[in-house]
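Written out below as structure tokens is the structure these notes cover.
Readers should treat all values here as calculations from the given coordinates under stated rules, not as data from a laboratory. All values derive from a computational prediction rather than experimental measurement. FYI the Cβ positions are ideal-geometry reconstructions off the backbone, even for glycines, and counts take in every protein chain you see.
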Amino acid sequence: MMVSLKKTIAAVVAAAVVAFAAGWVIAPRVGAQGGATSFQATLPLFDQIYQTIVKDYVTPPASSTLIQGAINGLTGSLNDPYTVYYTPAQYQQFLNQLNGNLGVDGIGVEINQVGHYIVIEAVLPGSPAAQAGLEAGDEIIGVNGKTLVGATAEQAATLIRGNQGTKVTISVQRGTRIFPLTLTREPLNLPTIVDKMLPGNIAYIQLNQVSQDAGVLWQAVLAKYQALHPKGWILDLRNDPGGYVNEAVQIAQTMIPSGTIVTFKGQITHQVYSSSSGQSLSQPMVVLVNSGTASAAEILTGALMDYHKAVVIGTQTFGKGIAQQLMPMTGGGVLKITIADWYTPSGVNIEHVGISPNLFVSGNTAPIVLAEKLLGEQVSLATTITVGSVGGTQNGQPLTLDEAPVVRAGQLYLSLAGAAQVLGVDPVPNTANTQVTIHYGASKIALTDNSTAAVLTSGSQNGVKETQPAPFDQNGLMMVPVSALIQLTGASETQSGSTYRFVNAFGSLHAPAP
């Protein structure tokens, strides 16, 4: 049987604009018969309403529109965005994307409908969205002047995608800040695997999606670098939306000699995927994750973490711990319905929770630098920024911040996203954007808008209350004091006029014991 667990779209946009829709695809199954008596009893009422609308509504509606609306009402009543009916055309589009056939142009975001809002769940590397600074968690509330509040992910995707080279203007809400962005649509071809050898003889493998051929590609790349006897491995699963369970299991089997990899439990299924390969890597591995790491990528992460085969660093993963089955319906359509929860080897279901890394670190570059450090390299994150400018440099490469650093009452402040980029901390604001918990390694500090009170959580300092410069709001963004971040990270700071240089050698962060 074919098994899949991919966070892709029912609409036609995949890496161009992708709506999350996990699918555990197994053999077709006849629909359940439960509740037949009560359903039959409602048919006369349903038919009466249907016939009345057809005959008496001010504008005669198409029968197909009414039937589709009724079907959508059934699936929508579950409040489950992953249970959806696909028309034959939509199903073909779904299959194309499940197999990595993008075929359209877009901006490079993966989206999901959360309540009445369209939320970005992942931003594809090198895409127009990534270059514009869009982030997971941003809400797209409008496209070309049309509101997306109340729209489905499929409707949003249809508006965002378009021909190569054309422009689209989206309205983005980040916290309390709303701003427009005009992006040029591009064709997006995302390879399954990107690999290279880093300085220090460290093999870096970026798995962008767990596609239908991911297992074969992984084993080829693995053999390629094993012949070079690397010092260690970095497996980058950031923004990997998942894919086929079989492929994730096949990859896990090359690193986990024996034992359960993932278990599925539901009303109609109980399935255990295991390894008895006897294979394992002889060098240490670090796995990178973030909020865009989901589904099959989380299955792989959870297995490696539970068996202590890798140190996991980054930020909390997406949290996709349920699975769906595809059921063929009359007329060629397909119902994708949630049928099971899945569990890591230690028996944990991560739905709506995600996987917490061993060490928290954020930004684009910082996780890779920390991974190199954990694998024995003498490396650091060196960043230069200037007050009033969004431009800077990081490890010799250009850096663009979402908000210019400012000085207030003699203190340097960065936005939350800027703090993540400059020092590698992982800031998580509350829904009102009035308080932020800044994670770093196994420590964290809680800061409140316009308050000097702070709470530090770090080993023996758990719950220690102290005084820090107060964060404040600027252009809808929370600005946090760099002094608090220096205390948390142990980074060094030097100043020359309005220019600041920070060097974070991650000296306080060490790989946990196996």
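So, in nm, how far is label His510 from label Val390 when the simple model puts each one 7 Å beyond its Cα toward the Cβ?
Each label point is offset 7 Å from its Cα along the Cβ direction, giving 4.1 nm.
Please compute the net charge surrounding Val387, taking Lys and Arg as +1 and Asp and Glu as -1 over other residues with Cβ under 15 Å from its Cβ.
0
If you average 1/r across every pair of different Cα atoms in region 366-504 and take the reciprocal, what Kirkwood value do you get, in Å?
By the Kirkwood definition, the hydrodynamic radius is 15.3 Å.
Place a label point 7 angstrom from the Cα of Arg408 along the Cα-to-Cβ direction, then list the residues of region 436-452 whose backbone nitrogen is under 13 Å away.
Taking a point 7 Å out along Cα→Cβ of Arg408, the residues of region 436-452 whose backbone N falls under 13 Å are 448-452.
Given bins 5 angstrom wide, list per bin the percent of all Cα-Cα distances in region 382-428, short to long.
In whole percents, the pair-distance histogram is 6, 23, 32, 26, 12, 2, 0.
Starting from the 7 Å offset along Cα-to-Cβ, what nm value, one decimal, do you get for the label separation of Gln397 and Thr184?
Going from the Gln397 label point to the Thr184 one covers 2.2 nm.
Please identify the helices of the chain, taking whole runs of DSSP H, that span at least 18 Å along their own axis as judged from the Cα atoms and have a mean Kyte-Doolittle score of -1.0 or higher.
36-56, 63-76
Working only with C-alpha atoms, what are the Rg and Dmax values of region 103-187, expressed in angstrom?
Cα radius of gyration and Dmax of region 103-187 are 11.4, 35 Å respectively.
Cross-link partners among aspartates and glutamates for Lys373, C-alpha distance below 17 Å, same-chain residues fewer than 8 apart left out?
Asp236
Can you give the three extents of the C-alpha atoms in region 115-272 along their principal axes, from longest to shortest, in whole Å?
54, 49, 30
Residue separation times 0.36 nm, minus the C-alpha to C-alpha distance between Asn201 and Gln40: what's the value?
My answer for the length gained is 51.2 nm.
Evaluate the charge dipole of region 366-504 about its Cα centre and quote only its size in Debye, nearest 20, assuming +1 on the Cβ of each Lys and Arg and -1 on the Cβ of each Asp and Glu.
Its charge dipole is roughly 180 debye.
Rounded to the nearest 0.05, what FRET efficiency is calculated for Ser64 and Asn163 with R0 set to 41 Å and r the Cβ-Cβ distance?
Calculated value: 0.90.
For the charge dipole of the chain, defined by +1 on Lys and Arg C-beta atoms and -1 on Asp and Glu C-beta atoms about the Cα centroid, which residue among Tyr500, Gln68, Leu281 has the Cα displaced farthest towards the positive pole?
Comparing the listed Cα positions along the dipole, Leu281 ranks first.
Beyond a 30 Å Cα-Cα separation, which of these cross-linked pairs lie in this structure: Lys309/Lys336; Lys224/Lys336; Lys309/Lys444; Lys265/Lys309; Lys320/Lys444?
Lys309/Lys336; Lys224/Lys336
Need the full-extension length gain, Val464 to Val272, defined as separation in residues times 0.36 nm minus the C-alpha distance. One decimal, nm.
Values: separation 192, 0.36 × 192 = 69.12 nm, distance 4.42 nm.
Extra length from Val464 to Val272 when fully extended: 64.7 nm.
Which of Val311, Val221, Val286, Val353 has the fewest other C-beta atoms within 10 Å, and how do the rest follow up to the most?
Val353, Val221, Val311, Val286
Suppose every K and R has +1 on its Cβ and every D and E has -1 on its Cβ; what is the size of the dipole of the chain about the Cα centre, in Debye to the nearest 20?
That gives a dipole near 260 debye.
Would you kindly compute the Cα radius of gyration of the chain and its largest Cα-Cα separation (Dmax), both in Å?
24.3, 80
Considering the options Ser127, Ala409, Pro230, tell which one lies farthest towards the positive end of the dipole of the chain, charges being +1 on Lys and Arg and -1 on Asp and Glu at the Cβ, about the Cα centre.
Checking the options against the dipole of the chain, the answer is Pro230.
Ranked from highest to lowest mean number of other Cβ atoms within 10 Å per residue, what is the order of the peptides 356-368, 261-273?
The packing order, highest mean first, is 356-368, 261-273.
When ranked by the protection proxy of mean other Cβ atoms within 10 Å per residue, highest first, what sequence do the peptides 494-500, 369-375, 288-294 form? Each step should come with its number before you reach the end.
Numbers: 494-500: 11.9, 369-375: 24.0, 288-294: 28.1.
Most protected by this proxy first, the peptides run 288-294, 369-375, 494-500.
Taking the Cα centre of region 103-187 as the origin and placing charges on Cβ (Lys, Arg +1; Asp, Glu -1), which of Ala156, Ile107, Ile178 is farthest toward the positive end of the dipole?
Ile178
Please list, in order along region 436-441, the HN-Hα scalar couplings obtained from phi with the Karplus expression 6.51 cos²θ - 1.76 cosθ + 1.60 (θ = phi - 60°), rounded to whole Hz, x for Gly and Pro.
Residue by residue, region 436-441 yields 9, 9, 9, 8, 7, x Hz.
Return the long-range amide H neighbours of Asp138 (sequence gap of 5 or more, or a different chain), with a cut-off of under 5 Å between placed amide H atoms.
Distant-sequence amide H within range of Asp138: Ile120.
Within a 10 angstrom radius of the beta carbon, how do Glu135, Glu247 rank from fewest other beta carbons to most?
Fewest to most other Cβ atoms nearby, the residues stand as Glu135, Glu247.
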